[in-house]
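Input: a single structure, listed below in structure tokens.
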Amino acid sequence: MNTVLYIEAQKRLIRMAPETDLAIVGGGPAGLTAAIYCARMKLKTTVFEAEKIGGVASTAKLIENYPGFKSISGEELSERMRAQAEYCGANIVFDTVNDLNPTEMLLTTASGEQWKAKAVIIATGSKRQRLGLSNEKDLEGQGISYCAVCDGSIYGNKIVAIVGGENTAAMDTIYLSGLARKVYLIHNEPRLNVSKELEEEVLAQRDLVPMFNCKIEEAISKKTFNESKGEYEEILRKLKVLNLETNETSEIRVKALFIALGEDPFKLAKLAKIETDVSGAIIVNQDQQTNIEGIFAAGDVTGNIKQIGTAVGEGIIAAMKAGFYAKKKIRKNTAGEA
Ligand SMILES: Cc1cc2nc3c(=O)[nH]c(=O)nc-3n(C[C@H](O)[C@H](O)[C@H](O)COP(=O)(O)OP(=O)(O)OC[C@H]3O[C@@H](n4cnc5c(N)ncnc54)[C@H](O)[C@@H]3O)c2cc1C
């Protein structure tokens, strides 16, 4: 097909959809909370969700640090948030937002629809980077974790390892030291890539064993009987570590490996020219406002402490500020028409 025909075909695919006051990209805790608040302001609220409502929170087996629930599954908490958002009047559209034109406040979805919004809240979460071990996915939740704050307490008084050399790894080390009996910090460079103060703070931690210039070659697991499940499962037991200076390999016994490599940069922000920091997180001010007027961001995508409580808090602020912004636009439009 030639280019002109292709463009015409694409244009035909794009159906004009109704306008929305608030477009919320992402149906995780941040997006659903924002939806509850915006809908309760009687604003037309549309949540776009690419995969699964509840975001990564829905994959958490047990959440034990969200206020009000001693223990709740991620699935159930997500379902409650979805039901509340819809009850308040929010509309959930299962589609991926592929493009955001900030000048026209126009969102284009994977199915080819275009949505015009008065304000946009980006709540797309963050994609944690994987280390690339062959059995990494199989051992997730069985010794391998991407969230020290979520899973750290499970390994109280045990030997654990953290891999990474930037802020996430540094903060995880400080968090886990004192909780765990011994913490190995494995990094493939000679020093951490953080500020001098933070590096000093990390290296001063009790029971820390820094393993710099080292690389994890293998995660060794063992079939172990899980009494609560009544079945055998592969559990992480050891790590095979290569010293890049001496070329020697050693094995260390650990109960957990925390992968703290940061996030994949956020593509939609790049397209809309929204300012991000070096890790790809969207930069916001105290109103959760990005560098672009009318576009707000909340939750893991802003690079703050990656927890449901934080996502909910940021979702509320973004909703209130974006809601006021949208209301002002509606008032001005109505005054203009009169
Ligand atoms: C295994 C695990 C266990 C955890 N346990 C806990 C815990 O016990 N306690 C706790 O407080 N926190 C926990 N967390 C962290 C918590 O889940 C996150 O901090 C929280 O979900 C962040 O919410 P969010 O809305 O910012 O992002 P997310 O939950 O990541 O949701 C973002 C949503 O946006 C959607 N999306 C992305 N791009 C697009 C697009 N272009 N168009 C449309 N939709 C899009 C995604 O599909 C996703 O559903 C855990 C995380 C994991 C992975």
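The values are calculated or read from the model by the stated rules, or taken from the named source; none is laboratory data. This is a predicted model, so every value here is computed, not measured. Backbone-built Cβ (ideal geometry, glycine too); neighbour counts: all protein chains shown.
From N291, N285, N333, which residue is farther than 20 Å from G27 by Cβ, free of Cβ contacts under 8 Å to residues at least 12 places away in the same chain and either outside the structural domain of Y37 (by TED's automatic domain parsing) or assigned to a loop (DSSP other than H, G, I, E, B) (or both)?
N285
(1) in contact with a Ser or Thr (Cβ under 8 Å, 6 or more places away or on another chain); (2) among the hydrophobic types (A, V, I, L, M, F, W, C); (3) without any contact (Cβ under 8 Å) to a residue 40 or more places away in the chain; (4) surrounded by 18 or more Cβ atoms within 10 Å (Cβ to Cβ): which one isn't true of V194, the others all being true?
Result: V194 fails condition (1) only.
For every residue, the table says whether it meets (1) under 25 Å from I292 (Cα atoms); (2) outside the structural domain of A148 (by TED's automatic domain parsing); (3) at pLDDT 95 or above; (4) more than 8 Å from the ligand (Cβ to nearest atom).
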{"position": "K52", "(1), (2), (3), (4)": "no, yes, no, no"}
{"position": "A60", "(1), (2), (3), (4)": "no, yes, no, no"}
{"position": "Y87", "(1), (2), (3), (4)": "no, yes, yes, yes"}
{"position": "D99", "(1), (2), (3), (4)": "yes, yes, no, yes"}
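Could you pull out every one of the helices (runs of 4 or more DSSP H) wholly within region 165-280 that has 3 or more residues that are within 16 Å of the ligand (Cβ to nearest atom) and modelled with pLDDT under 95?
The helices (runs of 4 or more DSSP H) meeting that bar are 167-176, 267-271.
Here is a list of conditions, (1) among the polar types (S, T, N, Q); (2) away from the ligand (no atom under 14 Å from the Cβ); (3) without any contact (Cβ under 8 Å) to a residue 24 or more places away in the chain; (4) in a loop (DSSP other than H, G, I, E, B), and N304 meets all of them except one; can you say which number that is?
Failed condition: (2).
In this structure, does I53 turn out to be of a type in the set (V, I, T), buried (at least 18 other Cβ atoms within 10 Å of the Cβ) and under 30 Å from R331 (Cα atoms)?
Spelling it out, it is not the case that I53 is of a type in the set (V, I, T), buried (at least 18 other Cβ atoms within 10 Å of the Cβ) and under 30 Å from R331 (Cα atoms).
Give region 145-162 a look and list any residue that's touching an Asp or Glu at 6+ places or on another chain (Cβ under 6 Å), within 12 Å of the ligand (Cβ to nearest atom) and not in a helix (DSSP H, G or I), or say none.
Within region 145-162, S145 is the sole residue that qualifies.
When the residues of region 225-249 are filtered to those that are surrounded by 14 or more Cβ atoms within 10 Å (Cβ to Cβ), farther than 19 Å from K61 by Cα and of a type outside the set (A, V, I, L, M), which remaining residue is farthest from the chain's Cα centre (by Cα)?
Checking each candidate, the answer is N243.
Hey, among the residues in region 18-50 that are crowded, with 21+ Cβ neighbours inside 10 Å and acidic (D, E), which one's farthest from the ligand (Cβ to nearest atom)?
It comes out as D21.
Which pairs turn up if I take residues in region 139-157 that are closer than 14 Å to A169 by Cα and look for partners that are part of a helix (DSSP H, G or I) and more than 12 Å from the ligand (Cβ to nearest atom) with beta carbon separation below 7 Å, at least 6 apart in sequence or on another chain?
Correct list of pairs: A148/D172; A148/Y175; A148/L176; V149/Y175; G152/Y175; G152/L176.
Do we have any residue at all in region 115-136 that's acidic (D, E), within 25 Å of S71 (Cα to Cα) and in a loop (DSSP other than H, G, I, E, B)?
no
Take the residues in region 152-165 that are surrounded by fewer than 17 Cβ atoms within 10 Å (Cβ to Cβ) and not polar (S, T, N, Q), then tell me which one is nearest to E251 (Cα to Cα).
K158
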